[in-house]
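K.L.:
Handing you this structure, nothing more for now.
The values are calculated or read from the model by the stated rules, or taken from the named source; none is laboratory data. These numbers come from a predicted model, not from an experiment. Cβ: placed from backbone, ideal geometry, glycine included. Neighbour counts: every protein chain shown. Heavy atoms of the whole protein, side chains included, go into the accessibility calculation; ligands, DNA and RNA do not. Shrake-Rupley method; radii C 1.70, N 1.55, O 1.52, S 1.80 Å.
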Amino acid sequence: MQLTWDQQDAGADWEQLAPSVGRRRLPGWDCTVGLVAGEGAALMIDAGSTLREGSELRAQAQRLLGGGRRVTHLALTHPHFDHVLGAAAFAGVEVYGAVGLDTVFARGRDELAADAVRHGVAPKAAGEAADLLVHPHHLVCSEWTLDLGGGTQVLLANVGPGHTGHDLAVLVPGTSGTSGTSGSPEIVFCGDLVEESGEPQAGPDAMPSQWPRALDRLLELGGEDALYVPGHGSVVDAAFVRAQRDSLAARYGVS
């Protein structure tokens, strides 16, 4: 199924990566969210930083999907406020995250709210989003294939630790061209394992010594010709990911 990119009231904010795949760079922290459409289901990747932002994303996704379709699955790439605090706006969807994400949410929701406030989110909005935070229904320990219908499958891969202890990547396989049309490359949503609009951020929950290996896994997933979608910034190629991997290895003294 293709997204309806002619819906300008929703699509103007979105970047088309393939006929059924889009992403949006959110204002504020330049955080990426993604949308993958199948015939009978749709996957949102990350949820924004507040309930208001999550609600806006859900409404935009519904317009892009068209035909009364809606988001049915939500993948959270890692437990940082700008990627997860909008999750409660996606009521009724199946939520996926890396193993251990549920524990972070159970024990660390106050810290998620506090981190959001430190970065400029209004205390009331941060607290409300943290209180209503949706725990993942499905925990990915290695790989998990989601069938979205119509031949569209995506792979959720627990490739961390690295940026955090619970990093999930999403691989959208490429398509072969048909007569008169070109195919699309593989697309890897990297979360904050890859950042383009600034240096990779290693906070207190980062595992720097294992981060380069996580990027090796990303490159194994996508290969040389994939589009790599960072958690912040413009879409990059394998050479960029490899250079960032080598820079992190040098910074933290690992191979």
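K.L.:
For region 118-133, which residues satisfy the criterion of being surrounded by fewer than 16 Cβ atoms within 10 Å (Cβ to Cβ) and either in a helix (DSSP H, G or I) or among the small types (Gly, Ala, Ser) (or both)? Steps first, please.
P.N.:
Going residue by residue through region 118-133, those that are surrounded by fewer than 16 Cβ atoms within 10 Å (Cβ to Cβ) are 118-120, 122-124, 131-132.
Matches in region 118-133: 118, 120, 122, 123, 124, 131.
K.L.:
Could you please give the count of residues in region 45-83 that are of a type in the set (Ser, Thr, Tyr), more than 17 Å from residue 137 (Cβ to Cβ) and not in a helix (DSSP H, G or I)?
P.N.:
Within region 45-83, the subset of a type in the set (Ser, Thr, Tyr) is 49-50, 55, 72, 77.
From what is left, the residues that are more than 17 Å from residue 137 (Cβ to Cβ) are 49-50, 55.
Of the ones still in play, those that are also not in a helix (DSSP H, G or I) are 49-50.
Going through region 45-83 one residue at a time, the tally reaches 2.
K.L.:
If you don't mind, another one. Would it be correct to say that residue 147 is over 15 Å from the mean Cα position of the chain (by Cα) and either surrounded by fewer than 18 Cβ atoms within 10 Å (Cβ to Cβ) or part of a strand (DSSP E or B) (or both)? Walk me through how you get there before you give the answer.
P.N.:
On the way: over 15 Å from the mean Cα position of the chain (by Cα): yes; either surrounded by fewer than 18 Cβ atoms within 10 Å (Cβ to Cβ) or part of a strand (DSSP E or B) (or both): yes.
The answer is yes for residue 147.
K.L.:
Step by step: first the residues of region 227-255, then only those that are more than 16 Å from residue 17 (Cβ to Cβ) and of a type in the set (Ser, Thr, Tyr), then the one that is surrounded by the most Cβ atoms within 10 Å (Cβ to Cβ). Which residue is that?
P.N.:
Once the filter is applied, the top-ranked residue is 252.
K.L.:
Can you spot a residue in region 70-77 that is surrounded by 22 or more Cβ atoms within 10 Å (Cβ to Cβ), within 23 Å of residue 21 (Cα to Cα) and of a type outside the set (A, V, I, L, M)?
P.N.:
yes
K.L.:
Same structure, new question: Kindly indicate whether any position in region 96-111 is of a type outside the set (A, V, I, L, M, F, W, C), in contact with a Gly (Cβ under 8 Å, 6 or more places away or on another chain) and either part of a helix (DSSP H, G or I) or open to solvent by less than 40 Å² (accessible area, probe 1.4 Å) (or both).
P.N.:
Step one: list which residues in region 96-111 are of a type outside the set (A, V, I, L, M, F, W, C), which gives 96-97, 100, 102-103, 107-111.
Narrowing further to those that are in contact with a Gly (Cβ under 8 Å, 6 or more places away or on another chain): 100.
Checking the rest, the ones that are also either part of a helix (DSSP H, G or I) or open to solvent by less than 40 Å² (accessible area, probe 1.4 Å) (or both) come to 100.
Yes: region 96-111 contains one or more residues that are of a type outside the set (A, V, I, L, M, F, W, C), in contact with a Gly (Cβ under 8 Å, 6 or more places away or on another chain) and either part of a helix (DSSP H, G or I) or open to solvent by less than 40 Å² (accessible area, probe 1.4 Å) (or both).
K.L.:
Could you tell me whether any residue of region 113-133 is in contact with a Pro (Cβ under 7 Å, 6 or more places away or on another chain) and not acidic (Asp, Glu)? Spell out how you get there, then give the answer.
P.N.:
Residues of region 113-133 that are in contact with a Pro (Cβ under 7 Å, 6 or more places away or on another chain), as a first pass: 117.
Filter once more, so that each one left must be not acidic (Asp, Glu): 117.
Yes, there is a match, as at least one residue in region 113-133 is in contact with a Pro (Cβ under 7 Å, 6 or more places away or on another chain) and not acidic (Asp, Glu).
K.L.:
Something else: List pairs: first residue in region 207-224 and assigned to a helix (DSSP H, G or I), second residue exposed (fewer than 15 other Cβ atoms within 10 Å of the Cβ) anywhere in the structure, Cβ distance under 7 angstrom, at least six positions apart or on different chains.
P.N.:
Short answer, once both residue conditions are applied: 209/254; 212/254.
K.L.:
Quick one: residue 57 ticks every box in (1) open to solvent by less than 10 Å² (accessible area, probe 1.4 Å); (2) touching a residue at least 40 places away in the same chain (Cβ under 8 Å) except a single one, so which number is it?
P.N.:
(2) is the only condition that residue 57 fails.
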